[in-house]
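The structure appears right after this line, and notes come after that.
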Amino acid sequence: MLIDSLVDNVQSHSHLVLLIASLFIGEEAMVFFAFIAGEGFLSFWQVFIYSIIGIIIADSIIFWLGSAHVVDFLKKRVNVGRYKKAINFIHRTAGKSQILSLTLSKFVYGSRIVTIFYFSSRTTFKKFLLSDIIAIFIWSAIMLPLAWLAGKGLSLSFHAVRHFEKVMSVILLFVVIMYVINKFVRLWLVRKST
């Protein structure tokens, strides 16, 4: 069946899937795969390690783009002003702490890339990388266990279900609902910031 084949392929190439998904999607992919790990399809520690590596690579690329003055080009193409309230909240809360700023930017939607761009013109890559690694570990220590527990709870509640397709349907429904909620929250934050 298609679902069984898909799950087998993801499980057999999980390190690559986790790395690429976290590199291109970010923290959302990390949370999703931690949920799947709670279901028992992936190893929690594998999700933890490969997702962190992918996010560190992605954040480093964003930092280099910012220090290469791509920010000036992007400011003309992207409405950075719509994230101004989120960025101001982070700077007021974190003060001068680079670690706290980067950690908060992982929780406040729309502020991660702008925060990294901000630091790309104010600090060295080495200092940024150390702060970013610490921030990712803090965020992961809070969010991944919650996502894993949510997946574990769903797994336990479906323990009586014998057909894998039913469980996958519920997971797919959960993903769709999370996607829709994420879209509405993004639209709400954009409207609120304008």
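None of the figures in this text is laboratory data; all of them are computed from the coordinates on show. Note that the structure is a prediction, hence the values are computed from the model and not measured. We place every Cβ from the backbone using ideal geometry, glycine too, and count neighbours over all the protein chains shown.
Could you compute the FRET efficiency for I99 and L173, with r as their C-beta to C-beta distance and R0 at 35 Å, rounded to 0.05?
It comes out at approximately 0.40.
Sort M30, M178 so that the residue with the fewest other Cβ atoms within 10 Å of its own Cβ comes first and the one with the most comes last.
If I rank by nearby Cβ atoms, fewest first, I get M178, M30.
Contour minus end-to-end for E28 and K183, with contour as 0.36 nm per residue of separation and end-to-end as the Cα-Cα distance?
Value of the extension gain: 54.6 nm.
Whole Å is fine, so just give me how far the alpha carbon centre of the stretch 88-135 lies from that of the stretch 38-69.
So the separation of the two Cα centres works out to 16 Å.
Net charge near I62: determine it from the other residues with C-beta under 14 Å of the C-beta of I62, scoring Lys and Arg +1 and Asp and Glu -1.
-1
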